[in-house]
């Protein structure tokens, strides 16, 4: 087959396949154009999931008549002052959005520049351009896209339902709205009720307001301010406390120089920063903004501009990890799981009688749990029913379910400590402490697990983990594959004071253990370590692998649930928690304590 030049319409449709993947791609390109035009308000309307209609109106600078005629030509853009692709400061720059959309849909543009006496309009249908004509528009630009992919019917088969496509559009607008809180956005359509995000104040407060409007009030409540700067690279934004998590990573929003991106490097850094706080199947909610010199990042690596490449990727990753860890450590003791809000809701009675205007409870007293069930039928007087013998069962609460050992009146200075004074231990698992304005319930195992974990990390960073030599080595039998995995990681385990060596096929001899763990169950510890190591990827940094080892050791070396503690031990544990970083959660992400304010408790009993 001879080589031939493709017709312009075919070239445009091939290019459109890269830029216009689905209706959400069209919305992204057009909203980015509006942002680059200096708009302060952008209105988006869609119909049929964007397939039937997309209309975007902005109050930006608009275009002149000649600019409008040139805007629908390929590779025509107003966003590059020169040919230097290393200094891209706008969201769009390729000059392919409008011609690509016009090649596969019916495109209409009306725009007015401040220097023009009136607005101008232009239409493109399947790549065929009309003449520029006068139009009625007071300011900015209005772009309408109808019958998307009518010129390429095969692409229609790959679109999902209208609801799914509408949700993809909503996600695109959400990301752009988070990136620019200074711009007001309105999103409307037949698939949804209108949503408006008003322009926010400049700075971090306005940014948090916009993030709270989009991500929900929970994020605003749990948000931790994070920031780090080095060598001209700034990382800032907000990260949710470890108590607010999701089952996937869709709650992680990342922006580079104002551009929403999906970057594996940044996602990996977020995962590493939260590794000490969350279970492996939970993901944090964050919104991070990376700002750096345009020459230090390449935004021209993906047709849809959703990926970037950093010149110094290691610096960006390190800054993200540092910013998140610093913020989480600073707010380590403040977590929504500890605030008691969820606990108070759980304690509220499931049934509360509603009062009528007459003051009588609007409920049937015969449905009360204390209503006596007698052998006789028919009507009985209230007094007779109250004295019925079966009714006395309502007052039988059974035997005590907890080992409650009240302590003497605590010292006044202990009540003023953040975690108060220990008063009792219940179920040999939970410590109840009293503060000046409430009470605190501590999970003794989770709390001590975090303490041991932080001590292991500090010891490793300082001069290595202190170890104890076993008088008689402990022999642990496992399958040969597991033994090989453990022996292959022998150096990493030795750095934490766990010395092992081969003891024949299918057996390991444990000769030394970390002194912090005391009398450890070497068999259980090694089996847990082997399970974690089986999931490790060789790409996982050594530091993270070591932290996995430390977390597993801390779990085995901490005070177990079911152990009775003396009053002195309980108070000592509380004081250690106060002095330990990140003591609000154990290293698996569970809360270590719950605080109940006296005012909230009084509300439960109608005292407030």
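The values are calculated or read from the model by the stated rules, or taken from the named source; none is laboratory data. Source: prediction; values computed, not measured. Here the Cβ is made from the backbone with ideal geometry for all residues, glycine too, and neighbour counts use every protein chain on show.
Computed quantities for the displayed model
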read-out: Selection within the stretch 148-173 - in contact with a strand residue (DSSP E or B) (Cβ under 8 Å, 6 or more places away or on another chain) and surrounded by fewer than 17 Cβ atoms within 10 Å (Cβ to Cβ); value: 150
read-out: Residues that are out of contact with any strand residue (DSSP E or B) (no Cβ under 6 Å at 6 or more places or on another chain) and touching a residue at least 24 places away in the same chain (Cβ under 8 Å), drawn from the stretch 189-207; value: 191, 192, 204, 206, 207
read-out: Some residue of the stretch 469-479 being part of a loop (DSSP other than H, G, I, E, B) and in the same structural domain as residue 523 (by TED's automatic domain parsing); value: yes
read-out: Filter pass, residue 60 being under 14 Å from residue 142 (Cα atoms) and surrounded by fewer than 23 Cβ atoms within 10 Å (Cβ to Cβ); value: yes
read-out: Strands (runs of 3 or more DSSP E) wholly inside the stretch 181-291 containing at least 1 residues that are under 23 Å from residue 318 (Cβ atoms) and in contact with a helix residue (DSSP H, G or I) (Cβ under 8 Å, 6 or more places away or on another chain); value: 223-230, 233-240, 252-256, 259-261, 286-291
read-out: Failed condition for residue 230, given (1) surrounded by fewer than 19 Cβ atoms within 10 Å (Cβ to Cβ); (2) farther than 28 Å from residue 269 by Cβ; value: (2)
read-out: Residue match in the stretch 522-543 (condition: in contact with a strand residue (DSSP E or B) (Cβ under 9 Å, 6 or more places away or on another chain), within 21 Å of residue 331 (Cβ to Cβ) and at pLDDT 70 or above); value: no
read-out: Number of positions in the stretch 497-521 that are touching a helix residue (DSSP H, G or I) at 6+ places or on another chain (Cβ under 9 Å) and modelled with pLDDT under 75; value: 5
read-out: Criterion: crowded, with 20+ Cβ neighbours inside 10 Å and either in the same structural domain as residue 216 (by TED's automatic domain parsing) or modelled with pLDDT of 90 or more (or both) - qualifying residue of 316, 301; value: 316
read-out: Selection from the stretch 208-223 of residues that are more than 12 Å from residue 251 (Cβ to Cβ) and free of Cβ contacts under 8 Å to residues at least 60 places away in the same chain; value: 208, 209, 210, 212, 213, 217, 220, 223
read-out: Test: residue in the stretch 119-140 that is in contact with a helix residue (DSSP H, G or I) (Cβ under 7 Å, 6 or more places away or on another chain) and in a helix (DSSP H, G or I); value: no
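Residue by residue, here is whether (1) within 25 Å of residue 327 (Cα to Cα); (2) modelled with pLDDT of 85 or more; (3) not in a helix (DSSP H, G or I) holds:
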| site | (1), (2), (3) |
| --- | --- |
| 550 | yes, no, no |
| 553 | no, no, no |
| 560 | no, no, yes |
| 565 | no, yes, yes |
| 575 | yes, yes, no |
| 587 | yes, no, yes |
| 599 | no, yes, no |
| 603 | no, no, no |
| 606 | no, no, yes |
